[in-house]
Each structure stands twice: as structure tokens, then as C-alpha cells.
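Below: the structure, in C-alpha cells.
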Amino acid sequence: MTQSLSGLKSENLKGTVQVPGDKSISHRAVIFGALSTGETEIHGLLEAEDVLATAKAVADMGVSVEHLGTGHWKIRGNGVGGLSAPSNQLDFGNSGTAARLMMGVIAGHQFEARFVGDDSLSRRPMARVMDPLHEMGLNWHEDFDHLPLTLFGPERLMPISYKLPVPSAQVKSAILIAGLFAPGVTSVFETEATRDHTERMLTYFGAEVTVEPQAASDSQDAGQLISVKGEAELVGAPVTVPGDPSSAAFLTAAALICPGSDITIEGVLVNPTRIGFYETLKEMGADLSFENERISNGEPIADIRVKSSQLKGVDVPPERAPSMIDEYPMLACLAAFATGTTKMQGLNELRVKESDRLTATQDGLKACSVSSDIVGDDLIVHGAGSVEGGGFIKTHMDHRIAMSFLVMSLAAKEPIVVDDKNIIATSFPSFIGLMEQIGARFS
């Protein structure tokens, strides 16, 4: 049952808070714990529907998964190649990350697994992952590239060297995960850097991973080659999951547009492949800083302090898209409060997210009387320094659309209503509570 929600005019957001664990790292901690020998104890795991779907999937394949308390989990892995055939279909709900990374896992096992998801996930393309995994030996029964799918691994998986046609950490990760099972070396070449949590965490769990910069030549563009040595042995290790920068983005945005605000978000992941949103905000004039920077489990983290600011429009280059792909709806809403035009370039990847986020974002802006244009794969927002609001937002089962326009509503002249707040639980179930903790108001 859907439940609508609107944000109310808010100001003086204050406080020091922590956002839930990073979703990307949470998925990988569960998967690599399952593929390791020994125990992996995880603190700060994001207990959202997406990650819980991954935990249930590995449990359905014979892995011991124990919940010890809020964010505290223990996984007793079965080793690389040690999973067993699931007795039930694997339901990934709304999570494209879970489904695509688990395809790499299934590629290394000689059993069938049926992948299903909700209506939104069942519309998302899977061929971009299935094609390279098929080169390695993964097969499926259906003649289409959307869930539901019944997948099965070969008797012997083959290593490949694969060039990503589009920047995608999910595709890269699925191939590298499958490469754990194959003999020899599996490599992925990318011309634009994508989030590198898989490489970092595989190394942390004991895999042999190399990342080599590649200079441009007559036959290829510049980029980097990421390789993993197959027939690997992973060893369980403790993981503390840092705060999710994509979740922190919503609190950051609220503080920027609500007058008199000054908040600190502690222990947030600031991996260079994930901070394009924050770099863009600084270019727009945001009073924002990373404080107390440190390293945890091989990942850089920091406390983010942000104060209300007058923003100006900027051009966001296409090469920044991989480092902030999930934050564009929120950035578009912020750009409406800026003075001048903000041009966000190269957003084709938004068309194949939980919804067509590019269209959904523009439709939401229009409903709130914000002028914008889509030109090719670019979104152009004409900021007026303030937002009328008053719109009704169709989320299309997309959690980030819901949260972005709820944040916009906090500083709009008229409340903005989103059609369903329940979808937020897929990635950030404590969103409303944390926002209210710093002083945001909802109705």
C-alpha cells in the first residue's frame, strides 16, 4: 500500500549524525564473506531491503548468516566455489547491484539459480552483465535479458579480457567476481574510472588484484586495466562499513538550502570514485568540508561538515558521472535553488536505473515549476534562487526520486508531495528519522 509524504518548510538544521553503512560496500562484504573460508564479522552493515536481499540469497545457497544486533552480522563462508544450489528462487527485490553481482557468483557454480525481482528491477537491462559472463561460460534458459532468469554455470569457467563499453562498476565487479573461479587471469579495461570497492575489498580478503594505468595508443584509449588471479582463496576478515556518501548527500543538500543550518555527518566514505557530488557542490559555492580524514578497511572516510549556502549554477562534465551517478536527482533539485544555469552532461546511465531517472527528475522539476531541458543525455536546470514547489511527484518506485523531492520540499515555497514514501526503505530506511533528528519537518 502506497503512502504519500511531503516535506514542510524547515530551517536551522543542526546536529551531528551518522548515516547508515554504504550500500555498495555492504553488498560486497556479504558476498565476499560468503566466498571466504572462516568468519567475516561485519559492523555497520546497511540493513536496507537491497542488502538484506543479498544476505538472504547467500543464506539460501548454504552460507551461515547470523544477525547479532543492529548493523552487526557474522558470516561463516563456504569458500570460493563452495555454495550449494538454492532450493528456492533468489528474490532481489529492487536491487540491481545484488542481482548483477550475484550473476558473477553463479557463473562459478555448476547449478541452476532462478533470479527474480520486483516490477522495477524486472524492467532493468541485464545484457550488459550477461554478455561478458556468457563469454566466460555462464548460461541461461530464457531468450531475453530481463528478470526473471534461470542461470547456470559451466563445468569450467574461462578467464577473459574485457573492455567495458560503458562505465559500470556493476559490470566490472560481476566479471571480477566470476574471475575468482576461473583459471588464469581475468581482466577488465575501463576508460573512465568507476567505483573501486570490489578491487579494494577483494585485496582485503586475500585475492591477487592488480590495477595498471594504460596509456593511450593507436589501438586503445587511455584507461586502466584491473585484473584478478583466478582459482582464488579468500579468507574471512572483519569489516566496518563506512557511512554511505549517497545517503549523506540528502542531509548535505537539506543543510545547504535550509537557512541557518550547520550539520556534521560523521564517518562517511570519501573514496575518490564516489565524491563527484561533493566536488560539484564546492564548485557551486557550498560551505562544505571534509574533516578528520582517516582510513578504515582500506577505504578513506571523513566527517562532512556543511552549512547553508547560496549556490551558483555550474557545468558538470560527463567524465564526473561515474563518481556521482546516484546523486544527480538530488543535484538537479539543488540546482533549482542556485542562481544561474546548471548543465549536467552525459547522463545516459540514468535512463536504466530503478526508473528512467532522467525523465522522472525532469517531470518532478516541471511539477514544481522549475525550468529545465533535456538535450540528448544532458540535463539543464535553470536555477532561479528559489523554488515554488507545490507539485505531486510520481516516484516510479525509485527511492532516490522520492528522497530528492522530499528534500527540495523543505525549502520550497509550497509543500511538495511524493506519491510513496515506502520505497525509501530499499536503500535508506532511517531517512525520515535522521532528517527529523537534525530538524527537518514532514507531514
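Going through the range 312-355 one residue at a time, which ones are in a loop (DSSP other than H, G, I, E, B) and crowded, with 23+ Cβ neighbours inside 10 Å?
Pass one, the range 312-355, residues in a loop (DSSP other than H, G, I, E, B): 313-314, 317, 324, 338, 345-347, 353-355.
Hits for the range 312-355 are M324, A338, E354, S355.
So which of Q437, Q362 ends up being among the polar types (S, T, N, Q) and crowded, with 19+ Cβ neighbours inside 10 Å?
When all the criteria are applied, what remains is Q362.
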Could you please give the count of residues in the range 366-405 that are surrounded by fewer than 19 Cβ atoms within 10 Å (Cβ to Cβ) and β-branched (V, I, T)? 2
Selected residue [surrounded by fewer than 20 Cβ atoms within 10 Å (Cβ to Cβ), within 23 Å of I106 (Cβ to Cβ), in the same structural domain as S87 (by TED's automatic domain parsing) and among the acidic types (D, E)] from D50, D60: D60
In the range 125-134, the residues that are in contact (Cβ under 8 Å) with a residue 12 or more places away in the chain and either exposed (fewer than 15 other Cβ atoms within 10 Å of the Cβ) or of a type in the set (A, V, I, L, M, F, W, C) (or both): P125, M126, A127, V129, M130, L133
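For the range 81-94, enumerate the residues that are part of a loop (DSSP other than H, G, I, E, B) and farther than 26 Å from T37 by Cβ.
Restricting attention to the range 81-94, the residues satisfying the condition of being part of a loop (DSSP other than H, G, I, E, B) are 81-89, 92-94.
Hits for the range 81-94 are Q89, G93, N94.
Tell me which residues, restricted to the range 46-66, are in a strand (DSSP E or B) and touching a Leu at 6+ places or on another chain (Cβ under 6 Å).
Correct list: empty.
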Is it true that some residue in the range 276-292 is surrounded by fewer than 22 Cβ atoms within 10 Å (Cβ to Cβ), touching a Ser or Thr at 6+ places or on another chain (Cβ under 8 Å) and of a type in the set (S, T, Y)? no
Is it true that some residue in the range 290-313 is touching a helix residue (DSSP H, G or I) at 6+ places or on another chain (Cβ under 8 Å), of a type in the set (S, T, Y) and within 30 Å of H146 (Cβ to Cβ)? no
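The values are calculated or read from the model by the stated rules, or taken from the named source; none is laboratory data. Just so we're clear, the structure is a prediction, and the values are computed from it rather than from any experiment. Neighbour counts run over all protein chains shown; Cβ positions are idealised from the backbone, glycine included.
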